[in-house]
1. Carbon and sulfur atoms: what percent of the 1.4 Å accessible area of the chain do they account for?
2. How much FRET efficiency would the formula 1/(1 + (r/R0)^6) give for T185 and E46, where r is the Cβ-Cβ distance and R0 is 41 Å, rounded to 0.05?
3. Sort 96-102, 197-203 by the packing proxy (mean of other Cβ within 10 Å over each peptide's residues), most packed first.
4. So for each of 42-53, 271-282 I average, over its residues, the number of other beta carbons within 10 Å; can you give me the resulting order with the highest mean first?
5. May I ask for log10 I(q)/I(0) of the chain at q = 0.11 Å⁻¹, from a Debye sum over the Cα atoms as equal point scatterers with solvent left out?
6. Heavy-atom accessible area per residue, the chain, 1.4 Å probe: how many Å²?
7. Mind jotting down the distance between the C-alpha centroids of the range 194-217 and the range 75-97, whole Å?
8. Given the convex hull of the Cα atoms of the range 174-307, what is a quarter of its surface area in nm²?
Amino acid sequence: MQEQRELAANLSKRLINAGIAGIGSYVPEKVLTNAELEKMVDTTDEWIFTRSGIRERRIASPDQATSDLAVIAAKRAIADAGMTAQDLDLVIVATNTSDMLFPATACLVQDRIGAKNAGAFDLAAGCTGFVYGMAVGSQFIATGANKAVLVVGAETLSRITNWEERKTCILFGDGAGAAVLRPVTDGSGILSSKLWSDGSCGPLLMLPAGGSRRPATHETVDQKLHYIHMRGRDVFKFAVKVIEGAAVKALDAAGLTKTDIDFFILHQANVRIINAAAKRLGLPIDKAQVNVDRYGNTSTASIPLALGEAVRGGKIKKGDHVLIVGFGAGMTWGSMVVKW
Ligand code: UT7
């Protein structure tokens, strides 16, 4: 522990902190309520709300792909940072629903926002993608290689949801969130980030067909293998198990403890997971941003959407220590501490 703290302290002396200079969000206009889902599958508003905390979610229009959502959130984040897209060195898009298998959605975004001087790549880490993206982007800032990195989490999960399967279709929604990372010199910014994976749990949450293992065929479509397959209860248990440890590791690496947390943002998958994590962390729920009631689980977009809301709502103030924890397919999980 002591060794880790010393290492973190030494590194922070030599490296440059990445701060969040701007945040942008976008959710599609169409709202799908639990009442409407009651007409589509055998479910009730009461079951959905009690088990997940979700009331409604947003659904992309037929002509909107993931990059369309990402572009709007990205432009808003760049404007919020007071920059132009040409100032960007790198564009990272974390997504599970890329427009196509290739080219990367990040390249489509790079082109559409006019980030002429930026490299661009997609990052696949399930719902932890935004945390992974921020961790990766911050390293480019820390070494001085880059001066401005755009990290986007964007999804059109409605396109890979089986709307006839009640155990999954009630959960997911579409949306996008983006952040611009820039160097900071006042001790604020990303103080620590930690990433983990356990590929042996991959079958808990996957999209079985459409890749090289099982290319799309009439048969895979008939078998509905092009949709999300999830063992919900196992994912739930997994999430509750890893969140506290992930939080403590990121806090340790930043030389902080649970009592230093001013605000926390968890991946918005289920309000019961957020409540259970808050209890284990000994934190009141009013220190957390919750939007799963309005947007459902938007995967990589959930954390930047929640972060943007909390910042705009004045819940996160200059100097606050913000804990962020994500988890998702892979399985992957990750945490970070940001000093605002
Ligand atoms: O981003 C990461 C990805 N995903 C997650 O984080 C999801 C984590 N998991 C969850 O949020 C929860 O497991 C769910 C909300 C998906 C499900 O809640 P649960 O309390 O774990 O329910 P369950 O899957 O154990 O199902 C309980 C019962 C079952 O009936 P039986 O077998 O007990 O008779 C289901 O068939 O509820 C039934 N059920 C439903 N009933 C009404 C499942 N879905 C529905 C539904 N409406 N939509």
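The values are calculated or read from the model by the stated rules, or taken from the named source; none is laboratory data. Everything numeric in this text was worked out from a predicted model, so none of it was measured. Every residue, glycine as well, gets a Cβ built from its backbone with ideal geometry; the counts of neighbours run over all protein chains shown. With ligands, DNA and RNA removed, areas are computed over all heavy atoms of the protein, side chains included. Shrake-Rupley method; radii C 1.70, N 1.55, O 1.52, S 1.80 Å.
1. Numbers: 7860 of 14760 Å².
Here it works out to 53 percent.
2. Numbers: r = 52 Å, r/R0 = 1.27.
Computed FRET efficiency for T185 and E46 comes out at 0.20.
3. Numbers: 96-102: 16.9, 197-203: 12.7.
Top to bottom by mean Cβ count within 10 Å: 96-102, 197-203.
4. Working: 42-53: 15.2, 271-282: 18.2.
Listed from highest to lowest mean packing, they are 271-282, 42-53.
5. Rounded to two decimals, the profile gives -0.66.
6. On the way: 14760 Å² over 340 residues.
Counting only protein heavy atoms, the per-residue value for the chain is 43 Å².
7. With the range 75-97 and the range 194-217 each reduced to a Cα centre, they are spaced 28 Å.
8. Details: hull surface 42.0 nm².
Taking the Cα atoms of the range 174-307, their convex hull projects to 10.5 nm² on average.
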